[in-house]
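**Student:** Pasting in a structure now, in structure tokens, and then I'll have a few things to ask.
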Amino acid sequence: MSVQIEVIAAPGCQKCASVQAELRAAAASVLGEDNLIWREVNVLDELDYAVALRVLTLPAIAVNGELRFASLPTPEQFRAMLARLERR
Amino acid sequence: MYTIGKLSLLAGVSTDTLRYYEKEGLITPASKTAAGYRLYDDGAARRIRFVKHAQHCGFTLAEIQELLKLKATDRACCQDVRRLAIEKKLRIAHKLRALQAMSRALDDLIERCKDSEKPLDDCPILRALENTLQEVSR
């Protein structure tokens, strides 16, 4: 089953861009590229969606439409969360 | 240099507010007179204007302190300030959503009470609120 991962961030966030690439690679290694739906959400373009997800701080990460991280996790934290998801 | 009274007139805030700002670390007197009265410089006046503008945009004093800290940090950049502004916008949007839900709940209550001539004991709004409270306490 595919997993949708959304990174909700402000446009132009340089810190996010570099960490996002690392997180995306971590997600692909745990879930497999075919099972991964990766979306980068510009909070200013989708403010209502961010509010619906209860995002209050940036950048945030939602998995399958549920807020999981209120700030960028380390790749290890991210992998651990994805592994828990896989075991369910 | 300005005394607290002069600064108060210049900035358009009360002396109590200025003392509060000082207690919260938002402004500091540049020096004191021989008699111990606080004296403020133009920097304090600029800071007060900054605080007032930020409050106008919805920032709390704690958030304004964070903005001022960023302003004084060499490593920080405009992007960091922008992120704080966007996060503030998100918090405001959350509050708006909650207020809209309250407004809809009030619409429901108002709709229940079309006959405003009813005695208080039969007031549908009070009854609905009591029932909701009972449901919550269950």
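Readers should treat all values here as calculations from the given coordinates under stated rules, not as data from a laboratory. Predicted, not measured: the structure shown is a model, and the values here were computed from it. Don't worry about glycine lacking a Cβ; one is built from the backbone with ideal geometry, like all the others, and counts go over all protein chains shown.
**Student:** Condition test on B:LEU109, is it part of a helix (DSSP H, G or I), away from every other protein chain (no Cβ under 12 Å), over 25 Å from the mean Cα position of the chain (by Cα) and free of Cβ contacts under 8 Å to residues at least 24 places away in the same chain?
**Tutor:** yes
**Student:** Given the criterion more than 14 Å from every other protein chain (Cβ to nearest Cβ), free of Cβ contacts under 8 Å to residues at least 40 places away in the same chain, exposed (fewer than 15 other Cβ atoms within 10 Å of the Cβ) and assigned to a helix (DSSP H, G or I), identify the matching residue among B:ARG97, B:ARG49.
**Tutor:** B:ARG49
**Student:** Between residues in the stretch A:54-81 that are aromatic (Phe, Trp, Tyr) and residues that are not in a helix (DSSP H, G or I), which pairs lie under 7 Å by C-beta distance while being six or more apart or on different chains?
**Tutor:** A:PHE69/A:ALA60; A:PHE69/A:ILE61
**Student:** Look at the stretch B:81-103 and say how many of its residues are touching a helix residue (DSSP H, G or I) at 6+ places or on another chain (Cβ under 7 Å) and not charged (D, E, K, R).
**Tutor:** Total satisfying the criteria: 5.
**Student:** Under the condition of being surrounded by 12 or more Cβ atoms within 10 Å (Cβ to Cβ) and among the basic types (Lys, Arg), which residue from the stretch A:7-50 is farthest from the other protein chains (Cβ to nearest Cβ)?
**Tutor:** A:ARG24
**Student:** Do you know which residues across the stretch A:51-67 are away from chain B (no Cβ under 11 Å) and either closer than 19 Å to B:ARG82 by Cα or buried (at least 18 other Cβ atoms within 10 Å of the Cβ) (or both)?
**Tutor:** Result: A:ILE61, A:ALA62.
Okay, residues lined up against (1) of a type in the set (Val, Ile, Thr); (2) under 30 Å from B:HIS94 (Cα atoms):
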{"position": "B:TYR2", "(1), (2)": "no, no"}
{"position": "B:GLY5", "(1), (2)": "no, no"}
{"position": "B:GLY12", "(1), (2)": "no, no"}
{"position": "B:LEU18", "(1), (2)": "no, no"}
{"position": "B:GLU24", "(1), (2)": "no, yes"}
{"position": "B:THR28", "(1), (2)": "yes, no"}
{"position": "B:GLY36", "(1), (2)": "no, no"}
{"position": "B:PHE50", "(1), (2)": "no, yes"}
{"position": "B:ALA62", "(1), (2)": "no, yes"}
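**Student:** Which one is surrounded by the fewest Cβ atoms within 10 Å (Cβ to Cβ), of the residues in the stretch B:1-31 that are of a type in the set (A, V, I, L, M), in a helix (DSSP H, G or I) and without any contact (Cβ under 8 Å) to a residue 40 or more places away in the chain?
**Tutor:** Going residue by residue through the stretch B:1-31, those that are of a type in the set (A, V, I, L, M) are B:1, B:4, B:7, B:9-11, B:13, B:18, B:26-27, B:30.
If we keep only those that are in a helix (DSSP H, G or I) too, we end up with B:4, B:7, B:9-11, B:18.
Among the residues that remain, those that are also without any contact (Cβ under 8 Å) to a residue 40 or more places away in the chain are: B:4, B:9-10, B:18.
Numbers: B:ILE4: 18, B:LEU9: 11, B:LEU10: 15, B:LEU18: 22.
The selected residue is B:LEU9.
**Student:** OK, next. What number of residues in the stretch B:52-80 are out of contact with any Lys or Arg (no Cβ under 8 Å at 6 or more places or on another chain) and assigned to a helix (DSSP H, G or I)? Before you say what the answer is, go through the steps one by one.
**Tutor:** Residues of the stretch B:52-80 that are out of contact with any Lys or Arg (no Cβ under 8 Å at 6 or more places or on another chain), as a first pass: B:52-56, B:60-62, B:64-67, B:69-80.
From what's left, assigned to a helix (DSSP H, G or I): B:52-56, B:61-62, B:64-67, B:69-71, B:78-80.
Selection size over the stretch B:52-80: 17.
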